[in-house]
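Structure first, then comments.
All of the numbers you see were taken from the coordinates with simple rules; none came from a lab. Nothing here was measured: the structure is a model prediction, and the numbers come from that model. All Cβ positions, even for glycine, are placed from backbone atoms using ideal geometry, and neighbour counts span all protein chains on display.
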Amino acid sequence: MKVFVLGIDGLEYELVEKFDLENLKQLEYGKVSIPKECFIIAPARGPRLRDTLQPYTPLVWSTLLTGKTPSQTNINKVNFIKWDNRLLQFLRENSGRIGLNRVKGKTKLLKALGFKRRYHNKDDFRVKTIFDFAKNPIDISVPCYSKDWKFKLKADKNDVRGFFEESLSDFKVMREETLRRVTESWDLFFSYTRHLDISGHLFFGRRIKMWENYALVDELAGQIKDRLRKGTLLLIVSDHGMNQLENTTLGKHGEYAYYSGNMSLGLKAPSITDFYEIIKEKLSSDQ
C-alpha cells in the first residue's frame, strides 16, 4: 500500500474542530500524546514563556520517523544542529561540561571564520526510519530527515510581517512541489510545512487570521487527496498543537499533537510513537 504523510507543524485539534475543516479531519481523527522526552524548557522570551515545558519540533518528528524516543536515537536539542568540523561539534555537544555554554557570541564568530552548521538529516540516523521500509520514497522538507529542511526562518522574529510572509512563501513553495510531484512514482511520500506553527505563534488569538491560514492548509489536503490513487493512505499528523498565551494574541506549543486518516486505523488515544509501525505495516501490505 502507498502512504502519503502530510506533516503539519502546530496543527491544533480544537481549531480543526472549530473551523470544521473536513479535509484535515478525514474519516478518523483525534489527539495524539507526546512522550515527555520530547519536551524542553522553552527559551526565556519574557515571563509568559519562562520555565514552561513545551514539545520541541525536531524531537517529536524524529520520534515519529523512528518510533523511538530521543534517548533511544541519541537526538537532542544540542546535537540536532551540527558543525561541519568534528572538533567543533564535539565541543558543542560537551559545552555544558567544559563551560563553553557560558561563552557569548561564539556561534557568530565561528560563522564569520567560515565554519558552517547543518541540521540533522537522513545520513545521521543510527536506527531505521519509516523511509527504510519504502522502495521509492519522496521527502519534502521533512524535519531531521530532508537535507534541505528549514528549522529557522531568515526574517527577524520582531518583524512580524516579514516573518509571516517568509513562512507563507515557504508554504507556497512546498505546496507547488508537493502537488507537482505527487503524480510521480512513489510508495512513501512525506511532505511537511511549518506554516501553521508560525501562524499560531504570531496570531493564535486572532481567529479570522487563524482561519485564513488553516483554510489554506485544508485546501492543500483536499488537493492532495484528489490526486491520490484509490487505496492510498493519507495520514495527516502534527508534532503539537497550540495554546494561547495569557493576555496576548500570541501562541505557544500545546501538549498534544493531531492526526487524521482517510481510512480507519482503529486508534484510541495514540502516541506519536505509534505511527512508525502503522506506516511500516501499510507499506508492506498488498491491499
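Pairs of alpha-carbon atoms within less than 8 angstrom and 6+ residues apart define the contacts here; what relative contact order does the chain have, in percent?
Reported relative contact order: 38 percent.
Let me check I've understood the local charge: for residue 123, count other residues with C-beta under 12 angstrom from its C-beta, Lys and Arg +1, Asp and Glu -1. What total comes out?
Value of the local net charge: +4.
Straight-line reach from residue 18: which lysines fall under 20 Å, measuring Cα to Cα and dropping same-chain residues less than 8 apart?
The reachable lysines, counting only those whose Cα sits under 20 Å from residue 18, are 31, 209, 252.
For residue 226 and residue 78, what does the FRET efficiency come to when R0 = 45 Å and r is the distance between their Cβ atoms, rounded to the nearest 0.05? Intermediate results must be reported in sequence, preceding the final value.
Values: r = 42 Å, r/R0 = 0.94.
For R0 = 45 Å, the calculated efficiency reads 0.60.
Please list the equivalent ellipsoid semi-axes of region 52-135, computed as the square roots of five times the alpha-carbon gyration tensor eigenvalues, in descending order and whole angstrom.
Here the semi-axes work out to 27, 16, 11 Å.
Listing 2, 106 from the residue with the fewest other Cβ atoms within 10 Å to the one with the most, what is the order?
Taking fewest neighbouring Cβ atoms as first place, the list is 106, 2.
Charges on Cβ only, +1 for Lys and Arg, -1 for Asp and Glu, centred on the Cα centroid of the chain; of 257, 163, 283, which one is farthest towards the dipole's positive end?
Farthest along the dipole direction, towards plus: 163.
Mind checking Rg over Rh on the chain, alpha carbons, Kirkwood formula for Rh?
That ratio is 0.96, to two decimals.
Please report 201, 240, 195 as a ranked list, fewest other C-beta atoms within 10 angstrom at the top and most at the bottom.
Listed from fewest to most nearby Cβ atoms, that is 201, 195, 240.
Can you give the extra length, in nm with one decimal, that the chain gains between residue 206 and residue 267 once fully stretched, where that is 0.36 nm per residue apart less the Cα-Cα distance?
Once the chain is fully extended between residue 206 and residue 267, it gains 18.7 nm.
Using modelled amide H (1.01 Å from N, peptide plane; none on Pro or chain starts), what sits under 5 Å from the amide H of residue 254, excluding residues fewer than 5 places away?
So residue 254 has HN proximity to 241, 242, 243.
Over 25 Å between Cα atoms: which of 77/122; 25/154; 25/122; 128/230; 122/157; 116/157 fall into that group?
As for pairs spanning more than 25 Å Cα to Cα, those are 25/154; 25/122; 128/230; 122/157.
Calculate, in nm to one decimal, what residue 87 and residue 53 gain on full extension: separation in residues at 0.36 nm each, minus their alpha carbon distance.
Using 0.36 nm per residue and subtracting the Cα-Cα distance, I get 9.1 nm.
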